[in-house]
Amino acid sequence: MAKSIYVVWNDEYHPEKTYTAITKKLFGGSDWELQTSYVAQDVLKLEKAPDLMLNFTVGRPNGVKDMGYTEQGYLKKMVEDGMGIMYVHAGLACIQEFTPIYEIALGHFASHPQPHYPTYVCPLPGIDHPILNGVSVFEEPDEHYFCKIDIKNVKPFLCSRSVAGTEIAGWTHEIGKGRVCCLTPGHTEEMLDKMSTLLLNSAKWCTRQI
């Protein structure tokens, strides 16, 4: 049976066109029921929660208010009830600590160097995780994210390195019946294409297919 996926994309610095090709490539077939939106909180209006919510951006276009604390609580409940959720690159921006969304992600964007340095991404040595099956080392100029992560309560499995430093680039955890995966690379179409296996495995893990 196909899994339903709700993709949030498009903002000023991360336009929809950046994500169109990879989204169609990975989720445009019969294995997935794809729905997209510019607004993250619109997922709360669905009659039924999707199997997976994939946040490429924060889902707050100009003129749209931030998701309030109460709405964030509804989203957290959806995850606790079994909806998988992914935060990729810009999806980790604008998350504030001590909020329900932070309790979902257990991490948020902190900073990045201005130049797009070549960014080397690889599995963390000694870590065995289903998401890493078939994932090899890759490198591409990217907006190298540095994040603040609740390292005691997540399972890091990926790292990234550039001349700016070395950072955790992927982590997972579970909240109630839901699975959460966060990935920091992914600013360009070229980087996203090299992340194909990583992204698909993450989606399958979050929906308990692997």
- Note on the structure: Here the residues within the range 164-175 that are farther than 15 Å from H144 by Cα and buried (at least 21 other Cβ atoms within 10 Å of the Cβ) are W171, T172
- Message: Contact list please: Cβ distance under 9 Å, first residue in the range 175-192 and closer than 18 Å to T23 by Cβ, second residue part of a helix (DSSP H, G or I) and among the charged types (D, E, K, R), pairs at least six apart or on different chains.
- Response: P185/K194; E189/K17
- Answer with yes or no whether A90 is surrounded by 15 or more Cβ atoms within 10 Å (Cβ to Cβ), in contact with an Asp or Glu (Cβ under 8 Å, 6 or more places away or on another chain) and among the aliphatic types (A, V, I, L, M). yes
- Task: Given the conditions (1) closer than 30 Å to Q72 by Cα; (2) exposed (fewer than 15 other Cβ atoms within 10 Å of the Cβ); (3) touching a Lys or Arg at 6+ places or on another chain (Cβ under 9 Å), report the number of the one that I127 does not fulfil.
- Result: (1)
- Between a first residue in the range 25-40 that is at pLDDT 95 or above and part of a strand (DSSP E or B) and a second residue that is surrounded by 14 or more Cβ atoms within 10 Å (Cβ to Cβ) and among the β-branched types (V, I, T), which pairs have beta carbons less than 6 Å apart while being 6 or more apart in sequence or on different chains? W32/I5; L34/I5; T36/V7; S37/V8
- Message: Test of understanding: among P113, P50, which residue is more than 25 Å from E140 (Cα to Cα), in contact (Cβ under 8 Å) with a residue 24 or more places away in the chain and assigned to a loop (DSSP other than H, G, I, E, B)?
- Response: P50
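Would you check if K65 is basic (K, R) and touching a residue at least 60 places away in the same chain (Cβ under 8 Å)? Working first, answer last.
On the way: basic (K, R): yes; touching a residue at least 60 places away in the same chain (Cβ under 8 Å): no.
No.
Looking at the structure I just gave you, is G134 surrounded by fewer than 22 Cβ atoms within 10 Å (Cβ to Cβ), in contact (Cβ under 8 Å) with a residue 60 or more places away in the chain and among the small types (G, A, S)?
In short, yes.
Hey, could you check the range 95-110 for residues that are of a type outside the set (A, V, I, L, M, F, W, C) and not in a loop (DSSP other than H, G, I, E, B) and say which is surrounded by the most Cβ atoms within 10 Å (Cβ to Cβ)? Even if it seems obvious, please write down each step before you answer.
Filtering the range 95-110 down to residues of a type outside the set (A, V, I, L, M, F, W, C) leaves 96-97, 99-100, 102-103, 107-108.
Remaining after also requiring not in a loop (DSSP other than H, G, I, E, B): 100, 102-103, 107-108.
Numbers: P100: 18, Y102: 17, E103: 18, G107: 25, H108: 21.
Across the range 95-110, the extreme among qualifying residues is G107.
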- Go through the residues of the range 55-71 one by one and say whether even a single one is touching a Gly at 6+ places or on another chain (Cβ under 9 Å) and of a type in the set (S, T, N, Q). yes
- Task: Could you list, in sequence order, all residues of the range 176-198 that are surrounded by 17 or more Cβ atoms within 10 Å (Cβ to Cβ) and either of a type in the set (A, V, I, L, M, F, W, C) or farther than 14 Å from V121 by Cβ (or both)?
- Result: G178, R179, V180, C181, C182, L183, M191, L192, M195, L198
- Message: Condition first: hydroxyl-bearing (S, T, Y), out of contact with any Cys (no Cβ under 8 Å at 6 or more places or on another chain) and either outside any helix (DSSP H, G or I) or more than 26 Å from I210 (Cβ to Cβ) (or both). Can you find one or more residues in the range 79-90 that meet it?
- Response: no
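The values are calculated or read from the model by the stated rules, or taken from the named source; none is laboratory data. As the structure is a prediction and not an experimental result, all values here were calculated from the model. With ideal geometry, Cβ positions are generated from the backbone for all residues, glycine too; neighbour counts draw on all protein chains shown.
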